[in-house]
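What follows is a single structure, written as structure tokens, with notes after it.
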Amino acid sequence: MKFFVDTAEIDAIAELNDLGMVDGVTTNPSLIKKSGRDIIEVTKEICNLVDGPVSAEVTATDAETMIAEGRKLVEIAENIAVKVPLTWDGLKACKTLTDDGHMVNVTLCFSANQALLAAKAGATFISPFIGRLDDINLDGMELIEDIRTIYDNYGFETQILAASIRTVNHVLDSARIGADVITAPPAVIKSMVNHPLTDKGLDAFLADIKAAEIKIL
Ligand code: E4P
């Protein structure tokens, strides 16, 4: 499973990238706003840092302007994936941009039928939002499961990019189901390392190291 980092914060991306944990990056207008940076500038910096796909989202809602924005975004770097919303116009933009040979990430997916349409329109990635479904007491993981089944039934090559990940359990469940990619905030990825028994075990080993004055260097 590939790990994308869901942020526009350069330092956080660099830290994870140095550990080989970054297969790509996703941004959205809210993350760009949070970074306080110009979208073109910060996206270029991310693309220089990371080899894998970097999603940059269009701002328009009509297909024609989305396509024009997408064509400008892909000039930033070869690894740009143009992110378009899952609307009828977004699907039109997806079809045109993928026909042009560009990667497209169709975002704001909340139903399996939407995911089916995105695959038919040639999307490179579909981004079902787990956390936002959970927020309204629906089951985000069930959506990932449904899309996996449908894409496998018909051999669609669109990659399932599990998004709006809020917890380590979202990551684990996405891996169990077989999502192709997860995108998660740096804090969620880093917290996957935590386990109370690791801390407890290390404390015991450290106590014995001290008691027995064990030294290596
Ligand atoms: C990524 O592509 C999405 O924009 C992001 O995961 C949304 O996450 P949120 O629901 O926590 O804002």
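The values are calculated or read from the model by the stated rules, or taken from the named source; none is laboratory data. These figures come from a predicted structure and were not determined experimentally. Methodologically, a virtual Cβ is constructed for each residue, glycine included, from the backbone with ideal geometry; neighbour enumeration extends over all protein chains shown.
Points to keep in mind about this one:
- The condition of being within 16 Å of the ligand (Cβ to nearest atom) and under 22 Å from Val5 (Cα atoms) holds for only one of Ile147, Ile136, that being Ile147.
- Neighbours by Cβ (under 9 Å, 6+ apart or cross-chain): first from the range 128-147, closer than 19 Å to Val168 by Cβ and polar (S, T, N, Q); second surrounded by 15 or more Cβ atoms within 10 Å (Cβ to Cβ) and modelled with pLDDT of 95 or more: none
- In the range 99-115, residue farthest from the chain's Cα centre (by Cα) [restricted to those that are more than 15 Å from Ala162 (Cβ to Cβ) and crowded, with 18+ Cβ neighbours inside 10 Å]: His102
- Search result, residues across the range 16-46 that are over 11 Å from the mean Cα position of the chain (by Cα) and either within 13 Å of the ligand (Cβ to nearest atom) or closer than 22 Å to Leu172 by Cβ (or both): Leu16, Leu19, Gly20, Met21, Pro29, Ser30, Leu31, Ile32, Lys33, Lys34
- Condition check for Ala187: modelled with pLDDT of 95 or more, within 12 Å of the ligand (Cβ to nearest atom), assigned to a strand (DSSP E or B) and in contact with a helix residue (DSSP H, G or I) (Cβ under 9 Å, 6 or more places away or on another chain): no
- Residue check, Ala162 in contact with a helix residue (DSSP H, G or I) (Cβ under 9 Å, 6 or more places away or on another chain), under 16 Å from Ser111 (Cβ atoms), within 15 Å of the ligand (Cβ to nearest atom) and among the aliphatic types (A, V, I, L, M): yes
- Only listed residue being part of a loop (DSSP other than H, G, I, E, B), at pLDDT 95 or above, touching a strand residue (DSSP E or B) at 6+ places or on another chain (Cβ under 6 Å) and surrounded by 20 or more Cβ atoms within 10 Å (Cβ to Cβ), chosen from Val5, Val22: Val22
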